[in-house]
Ligand SMILES: [Zn+2]
């Protein structure tokens, strides 16, 4: 899965049934679907063996009978389970049941578009139990044989190709081929009217399916999918396991995408590219498609034993996704994006006390749903990248191939992968990996020079400013007078002898998962030949040191000055991100610096014509429009000719218009007229930038009218954090609508992500009130996000206070 970055699990479910007691061979499921009535009747035959009474996960289903090997059996149904009084059992259990199809985002649900809908499913992590009673545990793999009865005018899509279609009582009966052995969370069913485009490579049909009129925007995704499959078949040395793969555009979807085997689902903005798509959308689509297809092997063919190893699935697919996109589009330089989107966003979260180890301790579905986060994806992927660099990419690939071969159609844990990597590389991988995976947090290496010797010291880095002793085995790269030196820092301190140091920097190209604090060495560092990634890393760490109280605002701003003429995307983007963030909490103290930077950078970009610069121009313009009234007016005037504005600038033009002309109606009208989700999201984001509270309230209220897709509501709410004038209105709205938000995001991890990003900014100036609110209103399905959000709020507020105290 790829979680949506702008980013509830149900409180009722307590945990999976004991999967060790039951061994399932096959689920033979017949679903009679009443599309118009949004309900279904199920007849399920499970071939299984159980050591005791059969215990199945089942949520929201009404079971009417259970028959074991032809004999009616008594059963007990609770909120989250079905226990059949079978005693030790071997054979076929037949269960008849029925269920409703809600307006939710988890399990089997209704996904509306225009004035109709499709029925779709999303089962990761523990939501297959909402469609069929099953052992909903990744280790309990089984074959699925699915048949559905649907209205004649509808289509159905599942993991495997259709085996037969016949008519029965005026309805259509669609039977799908048997699946390979797989985990329950990978099962898929979609029902509705779909358009398709397809291509065949080798023996695989690659198909984009979407609601009518949409699939044609899937050409770009189809092309990326084709190239990705070719890449993986060769990289993994194992062919794709199914005769077809669908990429399905789902009109309402909580994540970005989900890797159901052979039937990958996407949010429409993560699948479709049209002439109005921005470069970042195009990059996002390529990245998402390649990530999900990596899972078809790594995750689907070989699956983690339990969700504590979710990171193994996600980190690996993340790393591979970048590898593939870099191969297809080398000019995009996506390893830069890897640093921003994976390594750095993970480090930011990992600098909090409330972070967790990569290998997470998860028990309940609520716990699981909340670990689809930056640590699981970004930190894990960064550590794997570090290990790949350490053992060499050929050995790394051989290790992965041997791992897939050994555990195909089965399950494995992290240790199994380290063993394969160690065997194939002849290097000891397990010990290093264990240290990085089992410990929360990451190190900061302090570097100083004393009497001709370079002193390196490590400790855990915390944004709180606390110092904590901890030791990681860090593969250090050290550039001294232009010469690269490598060493493994696996103790607290290390001394490196070096004569006559004229230039020095650490963590070359920012490939290591650690920060560097140079003490009194600034001039030596800037004397070095620094790559764009190096310059990026220096300012990235500086922001963290400012928040942690290791650097003053004055020193930080002095450093930022060095970037005023920065020509490379990566460092310039980081400075822009930081100034936009600081503006959201410090406003007047930062506005002049930010305006100067963004104005001069916009001028620098004028002559550049590549896609990255075009995207950057849009980002810079949007930020300048927030803080420069004249510029907002000039930019916003283009809104009257919005259709002809280039794609990368559209978002900025809408923001300029909202800031300078403040017409809610005009933007809402354009929103209603647009048929593209990408366009709609741009306009929603602009509605979060109004200066007037009345207009902001009007915008947020739109979320409750049903006019905005549920998946996009949180994008709009999250966007209010970049607008200091929105803080009061947005916080009041969130409090008032919390019961609504909990209902909308029930069963997904989205509310946790939302609160983690909103609370630290919207809470500025009212820390006590926010803390009290969450004490009085317990939200267990978002507790991780709330905890992290409150911790960050404390840190940001401390910076705000220290600056208003004049420090
Ligand atoms: Zn994934």
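Throughout, read-outs are computed from the coordinates displayed, never taken from laboratory work. The model shown is predicted, which means the values in this text are computed figures rather than measured ones. As a convention, Cβ positions derive from the backbone with ideal geometry for all residues, glycine included, and neighbour counts pool all protein chains shown.
Peptides 651-662, 384-395, 194-205 ranked from most to least packed, by the mean per-residue count of other Cβ atoms within 10 Å: 651-662, 384-395, 194-205.
Just the number, please: percent antiparallel of the DSSP beta bridges in the range 18-158, rounded to the nearest 5. All intermediate terms of the calculation are to be shown ahead of the outcome.
Details: 47 of 54 bridges.
Once the DSSP bridges in the range 18-158 are tallied, antiparallel ones form about 85 percent.
Less than 15 Å from a label point 7 Å out along the Cα-to-Cβ axis of residue 238: which backbone N atoms in the range 165-193 qualify, by residue? Under 15 Å, as judged by backbone N against the label point of residue 238, lie 180-183 of the range 165-193. Sorting the segments 226-232, 772-778 by their mean number of nearby beta carbons within 10 angstrom, highest to lowest, gives 226-232, 772-778.
For each of 319, 605, count neighbouring Cβ atoms within 10 Å of the residue's Cβ, then give the residues from fewest to most.
Numbers: 319 24, 605 20.
Ordered from fewest to most neighbouring Cβ atoms within 10 Å, 319, 605 come out as 605, 319.
Under 11 Å from a label point set 7 Å out along the Cα-to-Cβ vector of residue 423, no amide N atom of the range 291-322 is found. For the chain, the antiparallel share of DSSP beta bridges with both residues in that region comes to about 80%. Length gained on full extension, residue 52 to residue 195: 46.8 nm, using 0.36 nm per residue less the C-alpha separation.
Remark: spin-label model distance residue 331-residue 202 equals 2.9 nm, labels positioned 7 Å along the Cα→Cβ axis. Taking every Cα-Cα distance in the chain and sorting them into 20 Å bins from zero, the calculated P(r) comes out as 15, 49, 31, 5, 0 percent.
Between the alpha-carbon centres of the range 253-299 and the range 337-397 there is a gap of 20 Å. Peptide packing: for 691-704, 135-148, 575-588, the average count of neighbouring Cβ atoms within 10 Å per residue gives the ranking 135-148, 575-588, 691-704, highest mean first. Taking a virtual spin label 7 Å from the Cα of residue 553 along the C-beta vector, which residues in the range 566-609 bring their backbone nitrogen under 17 Å of it? Output list for this probe position: 578-597.
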